[in-house]
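Worksheet: one structure, shown below.
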Amino acid sequence: MSLLVVGSIALDSVATPFGETADEPGGSAVFFSAAGSILHPVQVVGVIGSDYPLAVLKGLERRGVDLSGVEQAQGESFRWRAKYSYDLSSRETLETRLGVFAQFRPKLPEKFRNARYAFLGNIDPELQLGVLDQVAHPALVACDTMNYWIQSKRDMLLELLRHIDLLMINDSEARELSGDWNIYRAAQWVLAHGPRMVVIKQGEHGALLVDGTSIFKAPAYPLQEVFDPTGAGDAFAGGFMAYLASTDDLSPPNLRRAMIYGAAMGSFAVEAFGVKGFDNVTPADVRARVRVFKELVHFDMDGEKSA
Ligand code: AMP
């Protein structure tokens with residue numbers, strides 16, 4: 001069951017209380033595929049400039065990532081600079097330079113057009129729509145975005161919402177998009193604008209899956225060391241979508257399991273700078289964390305016996 005992602009392929013310069021990076025390979029499509037490819041092959045659509053280090057992409061290729069939808073264009077790669085607060089709970093974007101993404105018009109290779117699962121990673125909503133138009137009959141289309149696009153391309157984003165099944169955003173973005181500070185009301189606002197499901201990522205407080213009838217909460221994995229939260233959301237998306245693609249099952253219980261696989265992947269992302277956290281992660285490592293989640297939230301009602 002093929003899994004497609006479009007998103008940024010970036011050079012990130014990030015400062016956290018534990019250190020700094022400069023031009024570290026990242027971007028939504030890179031974090032997504034580094035995480036997702038541990039569970040399922042991933043097809044990537046995006047663009048890099050003439051200055052992008054190819055070694056990282058080669059590493060992804062060795063892990064089953066199909067990069068035939070990645071174009072190399074003359075010019076500078078997408079660059080993002082950000083600084084985290086002392087407790088890593090918030091970050092400030094210092095600079096976003098679109099570079100070659102400004103002129104990019106995605107054209108999907110023929111073999112990508114039958115993707116059953118599509119993730120429109122954080123990038124210009126116009127490009128997200130451009131990719132969606134080229135996918136024939138997807139079973140599930142999920143989409144992420146960011147304050148940058150909520151502020152600069154709101155109308156296009158609202159148009160996109162009418163064509164997707166699931167919106168995956170973080171809590172501050174959900175508040176900004178809906179204009180409502182209450183996260184549960186913000187989720188309902190999203191559902192009223194097109195998608196039938198919404199995932200709201202809450203950083204160290206986990207993530208919520210909300211649909212028309214239910215709410216499911218996945219906690220964050222209990223880590224004692226966190227170095228760099230960058231990409232945790234995209235890694236979450238990679239785990240969530242790759243689990244769904246590998247099982248090809250969109251039933252409510254399986255969507256809940258996918259949330260936990262997403263949360264497990266997010267935890268690997270934050271343990272190192274850039275995508276290094278995924279270097280040696282195996283499917284067995286992921287399953288081990290998934291098992292920890294089961295223990296973390298399991299309890300019996302008064303008077304009920306444990307199964
Ligand atoms: P996350 O921490 O999951 O929100 O993802 C951070 C990643 O998103 C970084 O690798 C950035 O390069 C990328 N990014 C930041 N701003 C944008 C933007 N406006 N559009 C696309 N990608 C972005």
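What's the center-to-center distance, using Cα atoms, between region 262-307 and region 186-212 in Å?
Between the Cα centre of region 262-307 and that of region 186-212, the gap is 21 Å.
Would you mind getting the Kirkwood hydrodynamic radius of region 98-222 from its Cα pairs, rounded to one decimal in Å?
Numbers: mean 1/r = 0.0662 Å⁻¹.
Here the Kirkwood hydrodynamic radius works out to 15.1 Å.
Find the relative contact order for region 120-238 and round it to a whole percent, using C-alpha pairs within less than 8 Å whose residues are 6+ positions apart.
Here the relative contact order equals 18 percent.
Which of the helices in the chain meet the span-like rule: DSSP H, Cα axial reach of 20 Å or more, Kyte-Doolittle mean at least 0.5?
The qualifying helices are 232-247.
Over the chain, give the accessible area per residue in Å² for a 1.4 Å probe, as an integer. Walk me through the intermediate numbers first.
Values: 13820 Å² over 307 residues.
About 45 Å² of surface per residue is accessible.
List the chymotrypsin sites (Phe, Trp or Tyr not before Pro) within region 49-133 that fall in a DSSP loop (any state other than H, G, I, E or B) and whose Cβ has at most 16 other Cβ atoms within 10 Å. Can you show the working numbers first?
Details: sites: F78, W80, Y84, Y86, F101, F104, F112, Y117, F119; in loops: Y86, F104.
Answer by residue number: Y86.
Rounded, prolate or oblate, given the Cα gyration tensor of region 158-307, with a/c below 1.5 counting as rounded? Present the calculation step by step, with values, prior to reporting the outcome.
Values: a/c = 1.57, a/b = 1.20, b/c = 1.31.
Oblate shape, in that a/c is at least 1.5 and b/c is the bigger or equal ratio.
Let me know the shape class of region 24-69, please: from the alpha-carbon gyration tensor, a ≥ b ≥ c as square roots of the eigenvalues, rounded when a/c is under 1.5, otherwise prolate if a/b is greater than b/c, or oblate.
Note, shape of region 24-69 comes out prolate.
Between the DSSP loop rule and a limit of at most 15 other Cβ atoms within 10 Å, which chymotrypsin sites (Phe, Trp or Tyr not before Pro) in region 1-65 are left? Please report the intermediate quantities before stating the final value.
Numbers: sites: F18, F31, F32; in loops: F18.
The qualifying sites are F18.
How big is the Rg/Rh ratio for region 153-194, C-alpha atoms only, Rh by Kirkwood, two decimals? Write down the numbers at each step before the final one.
Working: Rg = 9.6 Å, Rh = 10.3 Å.
Ratio value, two decimals: 0.93.
Would you work out the relative contact order for the chain, in percent, from Cα pairs under 8 angstrom that are 6 or more residues apart?
Over the chain, the number comes to 18 percent.
Number of Lys pairs in region 163-307 with C-alpha atoms less than 23 angstrom apart, excluding same-chain neighbours closer than eight positions?
Final tally of qualifying lysine pairs is 5.
What range in the chain is the longest one free of GluC sites (Glu not before Pro) that are in a loop by DSSP and have at most 11 other Cβ atoms within 10 angstrom?
1-224
About its Cα centre, how strong a charge dipole does region 89-227 have in debye, to the nearest 20, once Lys and Arg get +1 and Asp and Glu get -1 at the Cβ?
That gives a dipole near 360 debye.
Which of the lysines could a cross-linker bridge to K111, judged by Cα under 28 Å and excluding same-chain residues fewer than eight apart?
Result set, ordered by chain and number: K58.
Classify the chain as rounded, prolate or oblate, taking a ≥ b ≥ c as the square roots of the eigenvalues of its Cα gyration tensor: rounded when a/c is under 1.5, otherwise prolate if a/b is larger than b/c and oblate if not.
Rounded.
With all protein chains present, how much of the accessible area of region 147-290 (probe radius 1.4 Å) comes from carbon and sulfur, to the nearest whole percent?
Numbers: 3150 of 6090 Å².
That share works out to 52 percent.
Can you list the trypsin sites (Lys or Arg not before Pro) in region 142-179 that are in a DSSP coil and have 14 or fewer other beta carbons within 10 angstrom?
Filter output for region 142-179: R162.
Let me know the charge dipole size of the chain about its Cα centre in debye, to the nearest 20, where only the beta-carbon of Lys, Arg (+1) and Asp, Glu (-1) is charged. Kindly include the intermediate steps, with their values, before the conclusion.
Working: 29 positive and 38 negative charges, 122 e Å.
Magnitude of the dipole: close to 580 debye.
The values are calculated or read from the model by the stated rules, or taken from the named source; none is laboratory data. For clarity, every value in this text was computed on a predicted model and none was experimentally measured. Every residue, glycine as well, gets a Cβ built from its backbone with ideal geometry; the counts of neighbours run over all protein chains shown. Note: areas computed on protein heavy atoms with side chains; ligands, DNA, RNA excluded. Shrake-Rupley method; radii C 1.70, N 1.55, O 1.52, S 1.80 Å.
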